[in-house]
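Peer 1: Before anything else, here's the structure in question.
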Amino acid sequence: MLMKTEAAEAFRVEKLTVDYGGNHGPLQDFSLSIRQGEVTCLLGRSGCGKTTLLKSLGGFVVGRDTGGVLFEGRYLNGPTPDIVMIFQENNLFPWLTVRGNVEFGLKFKPRSQRRGDVVDEMLRIVGLSDAASRYPHELSGGMRQRTAIARALVSDPHVLLLDEPFSALDISLRRRMHALVLELWEKTSMTMVMVTHSIEEALQVGHRVVVLGNRPAKVLIDANTRAPAMKDRYSPEFLALQQRIESVIY
Ligand SMILES: Nc1ncnc2c1ncn2[C@@H]1O[C@H](COP(=O)(O)OP(=O)(O)OP(=O)(O)O)[C@@H](O)[C@H]1O
Ligand SMILES: [Mg+2]
């Protein structure tokens with residue numbers, strides 16, 4: 001069914017219920033709008049339904065009875081190549097090299113002569129040109145996630161969904177990954193939704209930070225974090241929002 005949505009809306013979650021067959025599911029009549037071209041970060045206590053929400057945006061979990069997820073104005077009934085999801089780990093095919101994994105991202109694209117160029121360019125952007133012939137078990141955690149991001153982006157999706165993609169990385173590597181995500185966003189203006197447990201990560205990377213409460217999930221804080229002061233972890237604005245978020249989550 002085609003529904004009229006505002007031009008700037010990528011997703012509209014409308015009274016979505018996901019209960020995994022039990023009575024008290026994580027999402028009950030949950031609604032949220034995700035704007036196109038914006039990086040939205042989701043925070044919330046463990047088990048509150050962040051992954052469930054992200055999977056719903058990816059079409060991997062379809063709500064029951066009434067409600068659902070509108071993607072670009074249409075109800076989402078299953079996964080689509082326009083929406084790519086990256087998990088915490090194990091995103092790669094272990095039997096394929098870095099290049100093979102990235103090339104796999106083009107599987108659903110029409111064949112073109114420039115496929116090799118596209119892969120080379122993406123490997124360069126994520127800094128993996130020299131590791132192209134290595135296998136996943138020969139990579140560090142950061143390199144594996146960069147490969148996963150490269151594979152996601154070569155397919156030129158409309159949306160990138162990231163579920164705690166950097167939580168297994170140390171803090172300096174994490175910060176480099178934040179810079180990479182922002183660089184990729186500058187190039188593509190892609191709609192991204194990222195789940196994280198790190199308030200700092202959410203504020204650094206997100207244009208908007210949404211904090212979810214528990215059982216059933218509800219929006220506790222919905223903050224615009226575009227201002228430069230929000231990107232400076234020592235600014236009063238950053239610290240005030242961090243404190244507010246901590247007070248509702250913990
Ligand atoms: N496939 C499933 N079958 C049954 N219950 C599930 C399933 N997936 C998640 N749940 C339950 O739904 C609730 C929300 O889970 P979800 O994974 O969405 O939480 P989360 O916010 O991502 O948590 P975390 O921060 O720990 O990753 C939890 O109580 C979980 O046990
Ligand atoms: Mg989760």
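Peer 1: Please give the number of the condition Glu186 fails out of (1) touching a strand residue (DSSP E or B) at 6+ places or on another chain (Cβ under 6 Å); (2) surrounded by fewer than 14 Cβ atoms within 10 Å (Cβ to Cβ).
Peer 2: Among (1) touching a strand residue (DSSP E or B) at 6+ places or on another chain (Cβ under 6 Å); (2) surrounded by fewer than 14 Cβ atoms within 10 Å (Cβ to Cβ), the lone unmet condition for Glu186 is (1).
Peer 1: Taking the condition part of a loop (DSSP other than H, G, I, E, B), closer than 26 Å to Ser46 by Cβ and either open to solvent by less than 30 Å² (accessible area, probe 1.4 Å) or among the basic types (Lys, Arg) (or both), does Phe166 pass? Outline the logic, then answer.
Peer 2: On the way: part of a loop (DSSP other than H, G, I, E, B): yes; closer than 26 Å to Ser46 by Cβ: yes; either open to solvent by less than 30 Å² (accessible area, probe 1.4 Å) or among the basic types (Lys, Arg) (or both): yes.
Spelling it out, Phe166 is indeed part of a loop (DSSP other than H, G, I, E, B), closer than 26 Å to Ser46 by Cβ and either open to solvent by less than 30 Å² (accessible area, probe 1.4 Å) or among the basic types (Lys, Arg) (or both).
Peer 1: Which of the numbered conditions does Val62 fail, given that it passes all the others? Conditions: (1) within 16 Å of ligand 1 (Cβ to nearest atom); (2) open to solvent by 30 Å² or more (accessible area, probe 1.4 Å); (3) touching a Pro at 6+ places or on another chain (Cβ under 9 Å); (4) over 30 Å from Ile171 (Cα atoms).
Peer 2: Single failed check for Val62: (3).
Peer 1: Based on what the data block shows, is His158 within 21 Å of Phe87 (Cβ to Cβ), of a type outside the set (Ser, Thr, Tyr) and exposed (fewer than 15 other Cβ atoms within 10 Å of the Cβ)? Lay out the reasoning, then the answer.
Peer 2: On the way: within 21 Å of Phe87 (Cβ to Cβ): yes; of a type outside the set (Ser, Thr, Tyr): yes; exposed (fewer than 15 other Cβ atoms within 10 Å of the Cβ): no.
In short, no.
Peer 1: Now, a different point. Picking from Leu139, Leu173, Leu128, which residue would you name as being closer than 26 Å to Thr40 by Cα and open to solvent by less than 70 Å² (accessible area, probe 1.4 Å)?
Peer 2: Working: Leu139 fails: closer than 26 Å to Thr40 by Cα; Leu128 fails: closer than 26 Å to Thr40 by Cα.
So the residue among Leu139, Leu173, Leu128 that is closer than 26 Å to Thr40 by Cα and open to solvent by less than 70 Å² (accessible area, probe 1.4 Å) is Leu173.
Matching residues to (1) open to solvent by less than 80 Å² (accessible area, probe 1.4 Å); (2) free of Cβ contacts under 8 Å to residues at least 24 places away in the same chain; (3) within 15 Å of ligand 2 (Cβ to nearest atom):
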{"residue": "Leu27", "(1), (2), (3)": "yes, no, yes"}
{"residue": "Ser33", "(1), (2), (3)": "yes, no, no"}
{"residue": "Glu38", "(1), (2), (3)": "yes, no, no"}
{"residue": "Arg45", "(1), (2), (3)": "no, no, yes"}
{"residue": "Lys55", "(1), (2), (3)": "yes, no, yes"}
{"residue": "Gly67", "(1), (2), (3)": "yes, no, no"}
{"residue": "Leu70", "(1), (2), (3)": "yes, no, no"}
{"residue": "Asn77", "(1), (2), (3)": "no, yes, no"}
{"residue": "Pro94", "(1), (2), (3)": "no, no, no"}
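Peer 1: Collect the residues in the range 178-218 that are more than 16 Å from ligand 1 (Cβ to nearest atom) and on the phi > 0 side of the Ramachandran plot, keeping them in residue-number order.
Peer 2: Here is the first cut: in the range 178-218, the residues more than 16 Å from ligand 1 (Cβ to nearest atom) are 178-192, 200, 203-208.
Hit for the range 178-218 is Ser189, nothing else.
Peer 1: Only one of Pro157, Pro165, Pro136 is under 16 Å from the mean Cα position of the chain (by Cα), more than 16 Å from ligand 1 (Cβ to nearest atom) and over 21 Å from Phe238 (Cα atoms). Can you tell me which?
Peer 2: Numbers: Pro165 fails: more than 16 Å from ligand 1 (Cβ to nearest atom); Pro136 fails: under 16 Å from the mean Cα position of the chain (by Cα).
When all the criteria are applied, what remains is Pro157.
Peer 1: Based on what the data block shows, is Leu106 in a loop (DSSP other than H, G, I, E, B), touching a helix residue (DSSP H, G or I) at 6+ places or on another chain (Cβ under 6 Å) and either among the aliphatic types (A, V, I, L, M) or surrounded by 18 or more Cβ atoms within 10 Å (Cβ to Cβ) (or both)? Don't jump to the end; show me each part of the working.
Peer 2: On the way: in a loop (DSSP other than H, G, I, E, B): yes; touching a helix residue (DSSP H, G or I) at 6+ places or on another chain (Cβ under 6 Å): yes; either among the aliphatic types (A, V, I, L, M) or surrounded by 18 or more Cβ atoms within 10 Å (Cβ to Cβ) (or both): yes.
Judged against the criteria, Leu106 is a match.
Peer 1: To continue, here is another question. Quick one: in the range 191-216, of everything that is open to solvent by 10 Å² or more (accessible area, probe 1.4 Å) and more than 7 Å from Thr40 (Cα to Cα), which residue is modelled with the lowest pLDDT?
Peer 2: Looking at the filtered set, the residue picked out is Arg215.
Peer 1: Looking at this structure, is Val195 of a type in the set (Val, Ile, Thr) and away from ligand 2 (no atom under 16 Å from the Cβ)?
Peer 2: So Val195 does not fit the description; no.
The values are calculated or read from the model by the stated rules, or taken from the named source; none is laboratory data. Remember, predicted model here, so these are calculated numbers, not experimental data. FYI the Cβ positions are ideal-geometry reconstructions off the backbone, even for glycines, and counts take in every protein chain you see. Surface areas here come from the heavy atoms of the whole protein model, side chains and all, with no ligands, DNA or RNA. Shrake-Rupley method; radii C 1.70, N 1.55, O 1.52, S 1.80 Å.
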